[in-house]
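Worksheet: the structure to be examined is printed underneath.
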Amino acid sequence: MKVSVIGTGYVGLVSGTCFAEIGHDVTCIDIDPKKIQILEDGKSPIYEPGLEELLQRNIKSNRLKFSTSYDSVKTAKSIFLAVGTPSSDDGSANLNYLKDAALCVAKEMSDGAIIVIKSTVPVGTCEMIRDLVSKNTDKKFHIVNNPEFLKEGTAVDDFMRPDRVVIGHSDQFAADAMSELYAPLVRQGNPIYMMSNLSAEMTKYAANCFLATKISFINEIAKLCDLAGADINEVREGIGSDRRIGSHFLYPGPGYGGSCFPKDVKALMYTAKENGMTLKVVEATEEVNEEQKKRMFEKIMSYYGDVKGKTFTFWGVAFKANTDDIRETSAITMAKELVAAGAKVNYYDPEASDNFEKLMSSLEGMSEGTKRFDNKYDALTNSDGLVTMTEWREFTSPDFEEIKTRLNKAVIFDSRNLYKTEKVLESGFDYFAIGKRISRS
Ligand SMILES: NC(=O)c1ccc[n+]([C@@H]2O[C@H](COP(=O)([O-])OP(=O)(O)OC[C@H]3O[C@@H](n4cnc5c(N)ncnc54)[C@H](O)[C@@H]3O)[C@@H](O)[C@H]2O)c1
Ligand SMILES: O=c1ccn([C@@H]2O[C@H](COP(=O)(O)OP(=O)(O)O[C@H]3O[C@H](CO)[C@@H](O)[C@H](O)[C@H]3O)[C@@H](O)[C@H]2O)c(=O)[nH]1
């Protein structure tokens, strides 16, 4: 099938590349000429495991092209909109990028084209886009909502092996075309759920808010474990083995970040308000998350009392492992808190340092307060504590002797519960994790 994908971010690029890999003829379009140039050179502008290799293979086989022009939309049967829908100041989803893209599509598409909204959009958006496009073209077209559930860091795998595909539609022609497009990805029996556009739009937000709620729930239980003396790792295993609860998304940490959960939680709360209700559970999820982002800072403060003149070393600044994405990462909140309290922050991340450095240089006082390192041990020299922020594999079995030699004081603040308490204590550290009592060697 001839496919155009509008927007070559994490979702558009992965979707376009994977559609090409399963045999479709794909053109990815972006308004950013720098991104398109990088892609035409066979490089990925984002770090996503496995993506660059797939990209190169499909460019070579001529199934995958990139452009800043909307020309290819003229011959496309399906046109995927995968542009950003970030938070507006009031928490609602900003649909300006989507509307701009839809207007460009309206100008170029052929009669009978299928416009597929892949961006995460509030309930009712498909109908709004249908009206907008109708006012700007005489051509007939179909509208589909096809929310994306991939996770950064495992995006290619998630796309190629989806738990399910959700298709919102209002006519059989579009439904059949989507079934044909996705057929190679659902051979193992993973279902395609056909539903109304409104239900598909709601499904995406409900899924993200449920997952975010699971994380806030375990983070709150972790806080209680801290106070009551239980160990959250033991409790997590104890409850996660119940299939009704499930062991996924039960890891306590520094609070959820990323480009999706924070904005989607806000957007669903906004939709609820528009419909005259309050989503009490989802509001609590967000409130707990805001507190959680500062939990380890509080632990550092209660350990040191005063951190003026001290330096802390972050291992990891990405919002999760295996990505270079720093959108809404808890490392930003932690760095701001520490710098505001008079401390400095050294940081090392295998992939996200460029993005973090750029961000820090745009925030008042943060450029001077933070320093990038390209080696995890060098970042520790003369520092007053190691703070793990991201669960990159290379942080999971470090040389504890090396850490101790580099640090001014042997103390680890482990926001991701990467280490076994006994092992760290035996190695002579004071150790603070999430959901475990303060431990001193
Ligand atoms: N990042 C994820 O893991 C993820 C997963 C599932 C769903 N989503 C949703 O998918 C959507 C896209 O997210 P993302 O993280 O890929 O965004 P992104 O910010 O990484 O990429 C968006 C891209 O769209 C381009 N763009 C903007 N306006 C354009 C236009 N008029 N024409 C062509 N290109 C244009 C931008 O230049 C940018 O490259 C969002 O709605 C998001 O909520 C994201
Ligand atoms: O047990 C867990 C799982 C995740 N997280 C944190 O939650 C955030 C989000 O992680 P994850 O969901 O793995 O990454 P995303 O790429 O943001 O993916 C989410 O958001 C996407 C965009 O909507 C959806 O498509 C995915 O299904 C959904 O998992 C990160 O800060 C994680 O560190 C935890 O703290 N504990």
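Bear in mind that the values in this text are calculations on the coordinates, not laboratory data. Everything numeric in this text was worked out from a predicted model, so none of it was measured. Backbone-built Cβ (ideal geometry, glycine too); neighbour counts: all protein chains shown.
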(Q) Can you order the peptides 14-24, 228-238 by their average number of other Cβ atoms within 10 Å per residue, highest first? (A) 14-24, 228-238
Q: Please list 149-162, 59-72 highest first by mean number of surrounding beta-carbon atoms within 10 Å per residue.
A: 149-162, 59-72
Q | Pairs from Lys214/Lys263; Lys43/Lys140; Lys43/Lys214 whose Cα-Cα separation, in the structure shown, is over 26 Å | A | Lys43/Lys140; Lys43/Lys214
Q) Once amide H atoms are placed 1.01 Å from N in the peptide plane, what residues at a sequence separation of 5 or more from Ile117, or on another chain, have their amide H within under 5 Å of its amide H? A) Leu81, Val144, Asn145, Asn146
Q: Find how much the distance from Asn96 to Ser170 grows on full extension, using 0.36 nm per residue of separation minus their present alpha carbon separation; answer in nm with one decimal.
A: 24.3 nm
(Q) Report the gain in length on full extension from Arg440 to Ala341: 0.36 nm times residue separation, minus Cα-Cα distance, nm rounded to one decimal. (A) 33.2 nm
Q. Once the Cα atoms of helix 295-304 and of the chain are each reduced to a long axis, what angle between those two axes, in degrees from 0 to 90 to the nearest 10, is obtained?
A. 20
**Q.** Taking N as its residue count, the alpha carbon Rg of the chain over 2.2 N^0.38 Å
**A.** 1.05
Q. Roughly how many nanometres apart are two label points built 7 Å out from the Cα toward the Cβ at Leu103 and Ser196?
A. 3.0
Q) With each pseudo-label sitting 7 Å past Cα toward Cβ, what's the Leu132-Arg161 distance in nm, one decimal? A) 3.7
(Q) What is the sum of charges, Lys and Arg at +1 and Asp and Glu at -1, for the other residues whose Cβ falls under 10 Å from the Cβ of Lys223? (A) -2
Q) Using the Karplus equation 6.51 cos²θ - 1.76 cosθ + 1.60 (θ = phi - 60°), what ³J(HN,Hα) coupling, rounded to whole Hz, does each residue of the stretch 349-356 give in order, writing x for Gly and Pro? A) 9, x, 9, 9, 5, 4, 5, 5
Q) Based on the mean of other beta carbon atoms within 10 Å per residue, what is the order of 252-259, 240-247, 175-182, most packed first? A) 252-259, 175-182, 240-247
Q: For Lys336, list the aspartates and glutamates whose Cα falls under 16 Å from its own Cα; do not include residues on the same chain fewer than 8 positions away.
A: Glu290, Glu291, Glu298, Asp306, Glu328, Glu357, Glu364, Glu368
Q) Reachable lysines from Lys423, Cα under 25 Å, same-chain residues fewer than 8 places away excluded? A) Lys223, Lys299, Lys320, Lys376, Lys404, Lys409, Lys436
Q. Pulled fully out, how much extra length does the chain show between Glu180 and Gln56, if you take 0.36 nm times their separation in residues and subtract their Cα-Cα distance?
A. 42.1 nm
Q. Pairing the Cα long axis of helix 172-182 with the longest principal axis of the chain, what angle in degrees results, from 0 to 90 and rounded to the nearest 10?
A. 50
Q | Leu224-Arg393 pseudo-label distance in nm [points 7 Å out on the Cα-to-Cβ vector] | A | 3.6
Q | Ranked list, fewest to most other Cβ atoms within 10 Å of each Cβ, for Tyr377, Tyr10 | A | Tyr377, Tyr10
Q) Hey, how many Å between the Cα centroid of the stretch 362-433 and the Cα centroid of the stretch 244-291? A) 29
Q. In what sequence do Trp315, Trp392 fall when counting other Cβ within 10 Å, fewest first?
A. Trp392, Trp315
Q: Write down, largest first, the equivalent ellipsoid semi-axes of the stretch 205-290 in whole Å, where each equals the square root of 5 times an eigenvalue of the alpha-carbon gyration tensor.
A: 25, 13, 11
Q.
With every atom except the alpha carbons ignored, what do you get for Rg and Dmax of the stretch 2-96, in angstroms?
A. 13.4, 46
